[in-house]
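One structure is given here, and the rest of the page talks about it.
The numbers here are math on the coordinates, done by the rules we state, and not lab data. Here the structure is a predicted model, which is why all the values come from computation and not from measurement. Here Cβ is always computed from backbone atoms with ideal geometry, including for glycine, and neighbour counts include all displayed protein chains.
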Amino acid sequence: MTLFALFAVNVMSLAAIHSSRLSIARTRRAQTLLDSIRADIVDAETGQRGFLLTGRGDYLEPFQSAVDEIPSDFAELFGIVAGDPGRQRDVRELKGLTLKKLDELRFTVDLVLRPRRSASAIPEDAAGVRSRESPIDCPARAVGGSVPEARAVLELAEGGDPIAAHALA
């Protein structure tokens, strides 16, 4: 009888260890996904900032890569927290904030890209020659105002208030 009791305790201990290992593996995968999402957001911000400063489209590659990777990371993260309503709520909130940030980044990039999409958007000088503008001049023209107004739009968008930025645009 004692031997049977020891065997039962041993089996239960092994089951608990196995369950703990699975839980640890899920937690580590969730941490890896969160690190990946954070890195993608940083890459998107860096690419957006580089594009706004230089006007070079190759800076948008990290931004586009982040936009492409983040949804699959969140889908996997939702799968990991499927049995925990509290963590599901946290992941939904994080996803909402992440998408809001990506929308803000996209908005500021679009302020610069919008005028470049057509050749007629590039102003001609007195001799009829189209000239390149600095990146800040494009948003200024996009909002139909001055460089200070464009800077205000960019600052609002970077500061987390895309609604106010859209209102200025």
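Numbers at a glance
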read-out: Nitroxide proxy distance, nm - points 7 Å out along Cα→Cβ at Met1 and Arg56; value: 8.2 nm
read-out: Order of Leu99, Leu33 under a 10 Å beta carbon neighbour criterion, fewest first; value: Leu99, Leu33
read-out: Within-12-Å neighbourhood charge of Ala66 [Cβ basis; K, R +1; D, E -1]; value: -4
